[in-house]
1. Can you compute the charge dipole magnitude of the stretch A:366-416 about its Cα centre, using +1 on each Lys and Arg Cβ and -1 on each Asp and Glu Cβ, nothing else charged? Give it in debye, rounded to the nearest 20.
2. Report the one residue of A:I10, A:S97, A:M39 whose Cα lies farthest in the direction of the positive end of the charge dipole of the stretch A:1-157 (charges on C-beta: Lys and Arg +1, Asp and Glu -1; origin at the Cα centre).
3. Let me confirm one metric for peptide B:19-31, namely the mean number of other chain beta-carbon atoms within 10 Å of its residues' beta-carbons.
4. With +1 on the Cβ of every Lys and Arg and -1 on the Cβ of every Asp and Glu, and nothing else charged, how large is the dipole of the stretch A:590-634 about its Cα centre, in debye rounded to the nearest 20?
5. Tally Lys/Arg at +1 and Asp/Glu at -1 over every other residue whose Cβ is under 11 Å from the Cβ of B:E13; what's the total?
6. Taking the number of other C-beta atoms within 10 Å as the exposure measure, put A:L55, A:L417 in order starting with the fewest.
7. Calculate the dipole size of the stretch A:146-213 relative to its Cα centre from +1 charges on Lys and Arg beta carbons and -1 charges on Asp and Glu beta carbons; express the result in debye to the nearest 20.
8. Holding the Cα-Cα limit at 27 Å, pick out from A:K207/B:K51; A:K255/A:K571; A:K222/A:K554; A:K262/A:K399; A:K31/A:K207 the pairs that are longer than that.
Amino acid sequence: MNFYGYTGKILNVDLTKDKIYIEDEKVEDLKQFIGGMGMNCKLGAELLKPNTNPLSPENVIVLGVGPLVGTITPGASRTVGLSKFPVTGAIANSCGSMSFGFNLKQAGYDHVIISGKSEKPVYLLILDDYIELANASKLWGQDIVETTNNLWKRYERCGVISIGQAGENLVFGALTLIDKTATFGRGGLGAIMGSKNLKAIVAKGTKGISIANPKEFKQLYKKQIERVRNYPQRDSWIELGMLRSLPINLMLIAKGQKKKAKQASEKYYLKELKKRRIACPSCPMADKDILEIKEGEFNGLINYTSSIINPLMMLTLDSLENANQAVKIFDIIGRYGLDSLTITSLFEFLGNMYDKGTLTKEDIGFEWKQDYNTLRHLIEIIANREGRFGNILADGWKKIAELNDTIANEMLTIKGLDVVFEPRFLRLGTMEFEQVVNPKGAHVASGGSPTYVGAGGTLEKFRNHFERMGIPNLAIDRVFTPPIKEMGIHVGRLTRYSEDWYTVLTSLGLCARAQINRFWGLELATEFFSAVTGFELSSDDLRKAAERSWNLLKIMNTKEGFSRKNDAFPKEWFKPLKLGVNNLEFKDFFGGTIITIDIANQLLDDYYDERGWSKQNGVPTQEKIKDLGLDKFL
Amino acid sequence: MAKSKKKIMIHEEKCTGCRICQLMCSSIYKQRYSPAEAFIQINDAYEITPKISFLDDCILCGQCAKYCLYGALELKEVEE
């Protein structure tokens, strides 16, 4: 059969047996489980046995790339990676951008399944039909930037997923970078690759992607690209990148740190840090950065990042004095393959514990100071698993919680992953709430909705966004009926549809960032999908397929023992957050209602209700499983 | 009167490596989305300075420049 958009091929790699083979996909599967994320869930459910040790050869990595990737569809370049993650013990999908997925599709594959463990370090080389497990002994020990540069030099214009020393040393939270830029696999994909002696995955393709209805597709493209071109804010997005999405300088001002706030400003970024704007393949809203430090101790340092927010967020640490130090530290973290979000949270938390006397010099093996050198030392001992304390930190938050009860009670984690979106500062939108219910734990992407920072506006504007996301009319009424009227929207119910919308985008391969997401709606995504693949599915089919994937992911995690008890709001959220002279309380999105434990539980009850899951244990009911045709996965 | 001819001006510093130019070119001349087969080639797309070049088969139709969203390509009429 001829496939369009899809390649119809799955590349299977058994590292233990050094065996590589290719499987054909079935059309009926591709209609039930759409593309990257959807098919990843199906393949993962078939391959992963419950209670597998994430760092054992029995764990698998399933890479998936959606049907729109590899075409010119605006913003379609995402790679999705499913595995069982060591930090949380949960089965989840991670997403990353840049050129790997695009190249994989061009090489002729929708998915790669990696199982087993290689005897010696290898990298997986995919050059169209030529597949090799190549010797990586010379790359082992190199950081991600060195590894990627070497592989780029050898196989020019390829996409590279690489781990650093943290992944090699099985640091639980180690992630990978795609093209030394885009984070991929928060929660431990780097460690999983390290446990398999897999240093990198390289893809380069020259086959091209054919379209089922090329004329219709090109018309859709031209119309869509004109909308993007004419977007009044486009120039500003291209100029500022992700800095436009989160006012880090305001966060620093709230902390009383005006001097540092200036270095997180637009003016400072443009003059002192920005070197070049880069884009993922097919993206009309380029927002990735090449940064350059232009003076001082780190003069000449070049850093690639998928979001300028990540290095600048490190400025919130009292130990860092200026943006150059923040970029330098961020660069070190990225090279090792550590997670900058986790390191930022961890350093702040441990510093507070040390100040309180909850952690002592004897506990940690060195004297803690709020300075650059201590932060750097902390990164080194985690990445290299040095000493007793370095090993504890490298095993992640669950191990750290064992140090003492105060630490266990005060850490801001959900399912073992540190909170990314702090609702006491940002208020409770779907991004904040979704961290509680995501099977993966506190995460950065799946809860996108009109409650993105600074988005939304009036309730009437919300309605437009809800319709765009494909929320059914009756459900929209429920979303506008929160537990307390003044809250305006029901974040619990809305989160269900944010997850479904995210799943549609991720399955097709589309970027979920607000500045791309805003140009897409369920109807339009369906039109693109049909024109590209030739599959005649309706918007309802696509929405149902997304729901099916999310439920299957939940079923997999139910088998791992996860239930409502794991969807727990951090206790600290119900206490004021001290930020400079401010005491910030846990409030709803519009800021008029304080979220009590009772309201939070009501939001959770209603989230499960909207999903058709049991309120008692927070898992899919038999009726829901049957309705979605998932019985065979029980 | 001086004859004019089409020329595609390249501003490499504005290129983001998005490959839209290559995708557009290959879709017109190869009927598939295939940067490797495009008449415009981008090397070192994510290096500090990308390198943009045109193959001999390029007929200067200018579609790559028309769809370049970052100002890296510009179709101009120049006097011969």
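Every number here is computed from the coordinates shown, using simple stated rules; none is lab data. Owing to the predicted nature of the structure, the values given are computational and were not obtained by experimental measurement. Here the Cβ positions follow ideal geometry from the backbone for every residue, glycine too, while neighbour counts run over all protein chains shown.
1. 180
2. Result: A:S97, furthest along the dipole toward the positive end.
3. Details: counts 10, 9, 0, 2, 10, 4, 0, 3, 10, 1, 0, 2, 4.
Whole-number average of other-chain Cβ neighbours for B:19-31 is 4.
4. My answer is approximately 200 debye.
5. +3
6. By the 10 Å Cβ count, ascending: A:L55, A:L417.
7. Approximately 200 debye in magnitude.
8. Flagged as over cut-off: A:K222/A:K554; A:K262/A:K399.
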